[in-house]
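The structure appears right after this line, and notes come after that.
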Amino acid sequence: MADRKRGTKGKTSKGFTADERAAMKDRAQELKAEARRGSRAKKTDGESDVLAKIAEMRGSDRTMAKRLHALVKKSAPDLSPRTWYGMPAYAKDDKVVCFFQSAAKFKSRYATFGFSDKANLDDGAMWPTSFALKKLTSADEARIAALVKKAVS
């Protein structure tokens, strides 16, 4: 138990990684910002927040995030862009439906495009909710567009 306490020197925590703690801090800041903004400004401020996060990304993460942002906006214009744990996300009625997680976020070998439980993608007893992305082809973009449309139907 001693190694989980804050400030213990020379011991490694078996809890959250530094990247996970950073994501939680991002989420806390997002919630505070949303509370300050009020409901009127959420959509436009959310858009600028998403674009700012995309601009911070590097290489293929940024390229995919830009393309996915345009794709989601075109496929489901009713979704509101916002950040979620420091990553671009898209919400309906203030509930996140889909999101992009860059590979760099958790030092992964691939980026992820995923759907929350609010997405209308149920297909029997088992279906995918997250997709690994190394690059985006036109076929991938068509599949994602169809999934996003279905998710908000």
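Every number in this text was worked out from the coordinates using simple rules, so none of it is lab data. As the structure is a computational prediction, the values presented were derived from the model and not from experiment. Here the Cβ is made from the backbone with ideal geometry for all residues, glycine too, and neighbour counts use every protein chain on show.
Observations, loosely collected:
- Semi-axis lengths, Å, the chain, gyration tensor of Cα atoms, sqrt of 5 times eigenvalues: 28, 20, 16
- For R58, R27, the sequence from fewest to most other C-beta atoms within 10 Å is R58, R27.
- Compared with the alpha-carbon gap, the fully stretched path from R109 to K74 is longer by 9.8 nm at 0.36 nm per residue.
- Projecting label points 7 angstrom from Cα along Cα→Cβ for M126 and L51 puts them 4.3 nm apart.
- Entries in K25/K92; K73/K107; K66/K135; K32/K73; K105/K135; K66/K105 that, when Cα-Cα distance is taken, lie over 19 Å: K25/K92; K73/K107; K32/K73
- A straight Cα-to-Cα reach below 14 Å connects K134 with the aspartates and glutamates D61, residues fewer than 8 places away in its own chain not being considered.
- Listed values for the stretch 69-83 are Karplus-derived 3J(HN,Hα) couplings in whole Hz (6.51 cos²θ - 1.76 cosθ + 1.60, θ = phi - 60°), namely 4, 4, 5, 5, 4, 6, 6, 9, x, 7, 6, 9, x, 6, 9, and x replaces Gly and Pro.
- The chain: relative contact order as a whole-number percent, Cα under 8 Å and 6+ apart: 19
- Two-decimal Rg to Rh for the stretch 48-120 - Kirkwood Rh, Cα set: 0.94
- A Cβ-based charge dipole, computed about the Cα centre of the chain with Lys and Arg at +1 and Asp and Glu at -1, lands at about 640 debye.
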